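The structure appears below as structure tokens.
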Amino acid sequence: MNKPCNNPYLPQPAEVIERIDESATIFTLRLKFVDPNIHAAYSFQPGQFNMLYLHGVGEIAISIVSDPTDNTLYDHTIRVVGRVTKGFAQLKVGDQIGIRGPYGNHWPYQTIIGKDVLVITGGLGCAPVVAAINYFFQRRDQYGRIFIVQGVKHSNDLIYKDRFAAWAQHPNTQVLIAAGVTIKGWPWYKGTTVDLLPKLIQFNGAKTTALICGPEIMMYYAIKALIARGMSDESIYLSIERNMQCGIGHCGHCQLGPFFVCKDGPIFSYAKLKPLLMKEGF
Amino acid sequence: MNAIYILPYEKLDHFIGLVVKDFRLIGPTVKHQQIVYADIINAAQLPWGYVDNQDAGRYQLSKQEQPTVFGWVNGAQGIKPFLFKSIELLWQVERDSNGKLIFSPKQPKQEALAFFGIRPCDLRALLIQDKVFLDPNHTDAHYAAYRKNNFIIVANCTRSSNNCFCVAMQGYPKANADFDIALTEIEQGFTFEIGSEKALAYAKQLQLLPASQQQVTSAVEKIDAAAAAQTKKIDPINDPKKLMQRLDHPYWNEVAKQCLSCGNCTQVCPTCFCHDEVEQPSLDGNNSEHLREWGSCFTQNHSYIHGKTIRPDIKSRYKQWLTHKFSTWHDQYGTSGCVGCGRCITWCPTGIDTPYVIQQICKDDDHE
């Protein structure tokens, strides 16, 4: 991405081309850089994030959920949780925001060709992995069995219903969804993400790579279950969330032991994070 | 070995005058009853005769009979505020009548800064901050602009405060490299060690004489005496890198009882770089300024993510600060984040003794 005046903090204006309301509190902004050259030059890898700027309010780190090979629009799924996201929720088609990025590392996808892939997400957690899932399905023959496991607190929180349904249609693919609280007619399971793991069919821990995103407590128990089923520390990848203000390892907010999550992460192998995961204060 | 000249007291003002012609000169002054680095243009502005008395949670400046320039050790700040400023405007944005956003970067002011009389520990701290802000992948435009073309005149220490522990941090009260000039105050003036061609040009202009062997020896002896006077030590066997292996040590609870989480240590530390990005919209809402301000890992907001604070209590914040400074800094930057300047002890309102805390947690006793 162009960085005029070498100021790494300067956003580029972008326009909201389309807005999709995913649930009562979750929405997707489909964005286009105002400068066509910047739009064309921009590229990202699955798992990376942008800093999105709301005029007069501030910036937040949001993962990019669109397809990395399709640069028509860059999509960001946002849940209303704080001051900046509340403001983003007010945006309409045609409004402008600022974008800088992409930042961070990406999910493994080239190094795991030929392997089975298990994607585990909790809550809105699916968003950071959507780009990776799409990548796998576009190259379906390059990967082995694909498992997609998603858990939400309440069945009303489930977003991307169409996508899950479409993914479930792929061959050699298993999609499992659970909600802690369910309403009548819920077609999936009742329970937690971790409850779903024993239901994996034709799961071979030794030839699987796991991509996990969501609350750290969920990750912790999911990892325990996966290790018990033959997975190694090195084959489990986690996407970590921390306070991020600069995105380039300068502001210090996202520090996690020897790492800055913004530039050394947000994706870490469990082998790397093992000593600090669930450690009080880290 | 670098050439060493003698700068007699009588030529100090002339020397400062020459530097001021080429640079914006920053040097030590007395302000708010402490040593503060500020713009200077002549030798009369220096802290002649002042001596600081430091202890845990205590700083007092007094004047002595003998009019030395560098009788004090340090003040609350080194030169960090001139390079990594406490508030920096990064960019501005204007929303026009059509709702279009126009972002404009704030161009840092280009000026050559010279620093007079910085301590060897603060020079080491400067090189540590360089690793953060001059990272080739993400260079900070503002820091880089202020850091460019610096002319650095170090004052080697001929005294240590009660809180100095540079020797424990593998430093020394003497600068060996990375300066333009290194001064050591001796009788009748300073030894004037040349570190660059520009420094040599000043020495020639001032018609300085080479230092005698006796003068060089006198300077070394004074520095060695300052090093020997340091009482705060970290036993080499108690390697501070061990802090990360001792996250469950009971002494964390003890220090957490003493810590107020005020963040003073992070504000006076010459290497702390954490900052917050801050938005300042205009009243009409059309323009907004995006700034960064010094932050602190001791605040509630520092580790806040939606619905959760990663470090909600004082214990986890103190642990974060100490483990980062002394242990994980090595992983990130290949160096300790501490230079042993002692400011965190002096300016701590409850006088937490940093090396003592490290000794308590890292010493080999029953706890493993």
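Odds and ends about this structure:
- Considering only A:78, A:99, A:201, the Gaussian network model of chain A with Cα springs below 10 Å gives its largest mean-square fluctuation to A:201.
- Checking the cross-link pairs A:115/A:224; B:85/B:325; A:92/B:308 against a 24 Å limit on the alpha carbon distance flags A:92/B:308 as lying beyond it.
- The stretch B:35-78: Rg to Rh, with Rh as the Kirkwood radius over Cα pairs: 0.98
- When chain B is treated as a Gaussian network with alpha carbon springs shorter than 10 Å, the biggest mean-square fluctuation among B:314, B:237, B:26 belongs to B:237.
- Bridging of residue A:184 to lysines at a Cα separation below 28 Å is possible for A:153, A:161, A:199, once same-chain residues fewer than 8 apart are set aside.
- Residues in the stretch B:145-189 that a label on residue B:112 would reach, taking backbone N under 18 Å of a point 7 Å out along Cα→Cβ: B:145-154, B:179-182
- The HN-Hα couplings worked out from phi for the stretch A:234-251 by the Karplus form 6.51 cos²θ - 1.76 cosθ + 1.60 (θ = phi - 60°) are 6, 9, 10, 10, 10, 9, 9, 10, 9, 4, 10, 10, 9, x, 10, x, 9, 7 Hz, whole numbers, x standing for Gly and Pro.
- Those residues of the stretch B:146-168 whose amide nitrogen sits under 20 Å from the label point placed on residue B:197, 7 Å along Cα→Cβ: B:148-153
- Among B:357, B:51, B:278, the largest mean-square fluctuation in a Gaussian network model of chain B (Cα springs under 10 Å) belongs to B:278.
- For residue A:279, the aspartates and glutamates whose Cα comes closer than 16 Å to its Cα, not counting residues fewer than 8 places off in the same chain, are A:216, A:241, B:248, B:313.
- Cross-link partners of residue B:11 among lysines, defined as those whose alpha carbon lies under 17 angstrom from its own and excluding same-chain residues fewer than eight positions apart: B:21, B:204.
- Under the Debye formula (equal points on every Cα, no solvent term), log10 I(q)/I(0) of the stretch B:152-237 at q = 0.12, 0.16, 0.26 Å⁻¹: -0.40, -0.67, -1.28
- Ranked packing of B:100-108, B:263-271, most packed first, by mean Cβ within 10 Å: B:263-271, B:100-108
- For peptide B:315-326, the mean count of partner chain Cβ atoms within 10 Å of a residue's Cβ comes to 2.
- Beta-bridge orientation, the protein assembly as shown: approximately 70 percent antiparallel, per DSSP, counting only bridges with both partners inside.
- Probe 1.4 Å - accessible area at residue B:363, Å² to nearest ten: 70
- Relative contact order of the stretch B:192-340, taken over Cα pairs closer than 8 Å and 6 or more residues apart, is 21 percent.
- Share of Cα-Cα pairs in the protein assembly as shown lying beyond 48 Å, as whole percent: 25
- Per residue, the stretch A:174-282 exposes 40 Å² of solvent-accessible protein surface, assessed with a 1.4 angstrom probe and all protein chains in place.
- Accessible-area composition of the stretch A:170-282, carbon plus sulfur, in percent [1.4 Å probe]: 56
- Per-residue Karplus couplings for the stretch A:54-66, computed as 6.51 cos²θ - 1.76 cosθ + 1.60 with θ equal to phi - 60°, are listed in order as 9, 3, x, 10, x, 10, 9, 8, 9, 6, 8, 9, 7 Hz, Gly and Pro entered as x.
- Over chain B: Rg over Rh, Cα atoms, Kirkwood Rh: 1.00
- Average other protein chain Cβ within 10 Å of Cβ, residues B:269-278: 4
- Taking every residue in A:44-57 and counting other chain Cβ atoms within 10 Å of its Cβ, the average works out to 3.
- Each residue of the stretch A:271-282 is assigned a 3J(HN,Hα), and the resulting list reads 4, 6, 8, 2, x, 10, 5, 6, 7, 4, x, 10 Hz, derived from the Karplus form 6.51 cos²θ - 1.76 cosθ + 1.60 (θ = phi - 60°), x at Gly and Pro.
- Taking amide H atoms as placed 1.01 Å from N in the peptide plane, the amide H of residue B:91 lies under 5 Å from those of B:106, B:290, each 5 or more residues away in sequence or on another chain.
The values are calculated or read from the model by the stated rules, or taken from the named source; none is laboratory data. Keep in mind that this is a model prediction, so the values were computed, not measured. Heads up, the Cβs are rebuilt from the backbone with ideal geometry, glycines too, and the neighbour counts pull from every protein chain shown. Just so you know, the surface numbers come from the protein's heavy atoms only, side chains and all, with ligands and any DNA or RNA stripped out. Shrake-Rupley method; radii C 1.70, N 1.55, O 1.52, S 1.80 Å.
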